[in-house]
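**Student:** Here it is: the structure, laid out below.
The values are calculated or read from the model by the stated rules, or taken from the named source; none is laboratory data. Just so it is clear, the model here is predicted, and its values are computed rather than measured. Cβ sites come from the backbone with ideal geometry, for glycine too, and all protein chains shown count toward neighbours. What goes into the accessible areas is simple: the full protein's heavy atoms, side chains included, and nothing from ligands, DNA or RNA. Shrake-Rupley method; radii C 1.70, N 1.55, O 1.52, S 1.80 Å.
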Amino acid sequence: MSDTPNWRSRLPGARLPAPGLTKATIAGFEGVRLSVEEAEDSLVAAADRLAPLRAPWAREAFNILAISGGAAGGAYGAGILVGLTRAGRRPDYAIVTGVSTGALIAPFAFLGPSWDDRLTDAYVGGHAADLLGIGKLGPGSGAIFRSESLDRLVSRYVDAEMLAEIAVEHAKGRRLLVATTDLDRQRTVIWDMGEIASKGSEEALSLFRTVLVASGSLPGIFPPKRIVCQADGVLYEEMHVDGGVTTPLFLMPEALLRWRKLGQRLARSQVYAIVNTVLDQAPRTTQNNMPAILIRSFDTMLRFSYRHAIEVTAAFCARHRLPFSVASIPDPGEAFSMMSFDTATMRRNFDNAVARAMGENLWVTPVAEPSIAAGLMQALKTRPDRAGAVPRNGPVEDPSAEPEA
């Protein structure tokens, strides 16, 4: 069987068929995607992989960092990490997850402060403006920018050295997870990036880069990534786009979060979320033309999506009595655009984040709402607590949740 697509799939606009309900795998990378079913044995296996049981007397913290999408707003998230390093308050993270621009930040967050210089250069070194400028538009590609724009940006920083260090940390039990959206199946796919890195091959480097680019490929802005897979000797092709289409922020696979026994494995855990956009509503007059209406509608949809994701995470943390701290871009007092890739704007966001992370008001503690519907409007009743502080009256329980087993 050939491992390469046939000639028909290489014709303009053509592709191999999607696997549909067939369980397909990527040749040589069978264990790199987390598929969590509702069956108890599957949940146990996933929990063992992500949050293994620890001895009751174990003292080490189990910190989880989730980094959201936000396109150019990722400069703010990068600045937070650098600022925490400079302030001497950056914790070690047992699990780091990333979506969209958060997926591009996640490997640097996972590897720690020694990679801060490269993270800084990636977001404020001017490379985004060079590669995503007007000259890089991709007419006829089904997207605003050409496919190689984001590929080149990722390849500049994701190399064999990075994968080797990620593999070392993965072997210690730490986990780096990235989400993409399988457009054909309309579902979230969570990739174990440390497992990919552990393969240590050129193919692993290529897949690692492809997953990061796919997670950041906002439909219509960047072309989707096509990933060849196989089942029973038949080749298929999956189309992956921005992970934020289905999950703007995540801690673990959704089925695992609903598993009541997970809380036993998260003792002494602290959950952090970096949201690379503005969450508060920004009332202003929308111009009466199609581009303005579309952009405003898209921005509104994203803000509600992020607020919903934060509420779900807050409810999970409240149920398991886990401190939960969120940092997001404060209201800039002016129009904010996630698509402003000019270096001056990204540098301003980065510097503001560094300063805020070195101060005392970076983190807020969302209050879990009694229901998701109510939380859509009030998911961010926050106050500027110290990092990771539990609300003064204790953690807020989700009244709709059953007690832990």
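Yes/no matrix, rows are residues, columns are (1) over 18 Å from residue 47 (Cα atoms); (2) surrounded by 22 or more Cβ atoms within 10 Å (Cβ to Cβ); (3) under 19 Å from the mean Cα position of the chain (by Cα):
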site: 299; (1), (2), (3): yes, no, yes
site: 303; (1), (2), (3): yes, no, yes
site: 311; (1), (2), (3): yes, yes, yes
site: 331; (1), (2), (3): yes, no, no
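**Student:** In segment 75-98, which residues are open to solvent by 10 Å² or more (accessible area, probe 1.4 Å) and closer than 23 Å to residue 193 by Cα? Can you show your working first?
**Tutor:** Taking segment 75-98 as the starting set, the residues that turn out to be open to solvent by 10 Å² or more (accessible area, probe 1.4 Å) are 85-92, 94.
Result: 90, 91, 92, 94.
**Student:** How many of the residues making up segment 109-143 are over 20 Å from the mean Cα position of the chain (by Cα), part of a loop (DSSP other than H, G, I, E, B) and at pLDDT 70 or above?
**Tutor:** The number of residues fulfilling the criteria is 2.
**Student:** Moving on to the next point. State whether one or more residues within segment 253-275 are modelled with pLDDT of 95 or more, of a type outside the set (Lys, Arg), closer than 17 Å to residue 24 by Cα and open to solvent by 20 Å² or more (accessible area, probe 1.4 Å). Full working, then the answer.
**Tutor:** Within segment 253-275, the first condition is being modelled with pLDDT of 95 or more, and the residues that meet it are 271-275.
In the following step, the residues that additionally are of a type outside the set (Lys, Arg) were identified as 271-275.
Going one step further and asking which of them are closer than 17 Å to residue 24 by Cα, we end up with none.
Taking every residue of segment 253-275 in turn, none turns out to be modelled with pLDDT of 95 or more, of a type outside the set (Lys, Arg), closer than 17 Å to residue 24 by Cα and open to solvent by 20 Å² or more (accessible area, probe 1.4 Å).
Table: residues versus (1) at pLDDT below 75; (2) outside any strand (DSSP E or B).
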| position | (1), (2) |
| --- | --- |
| 36 | yes, yes |
| 44 | no, yes |
| 47 | no, yes |
| 59 | yes, yes |
| 63 | no, no |
| 69 | no, yes |
| 72 | no, yes |
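**Student:** What pairs come up if the first residue lies in segment 282-307 and is farther than 16 Å from residue 100 by Cβ, the second is surrounded by 12 or more Cβ atoms within 10 Å (Cβ to Cβ) and of a type in the set (Asp, Glu), and their beta carbons are under 9 Å apart, counting only those six or more places apart or on different chains?
**Tutor:** 282/299; 282/331
**Student:** Look through segment 52-74, keep the residues that are in contact with a Ser or Thr (Cβ under 8 Å, 6 or more places away or on another chain) and of a type in the set (A, V, I, L, M, F, W, C), and return whichever of them is surrounded by the most Cβ atoms within 10 Å (Cβ to Cβ).
**Tutor:** Narrowing segment 52-74 to residues in contact with a Ser or Thr (Cβ under 8 Å, 6 or more places away or on another chain): 61-74.
Filter once more, so that each one left must be of a type in the set (A, V, I, L, M, F, W, C): 61-62, 64-67, 71-72.
On the way: 61: 13, 62: 20, 64: 24, 65: 25, 66: 27, 67: 30, 71: 24, 72: 23.
Filtering segment 52-74 for residues that are in contact with a Ser or Thr (Cβ under 8 Å, 6 or more places away or on another chain) and of a type in the set (A, V, I, L, M, F, W, C), the one surrounded by the most Cβ atoms within 10 Å (Cβ to Cβ) comes out as 67.
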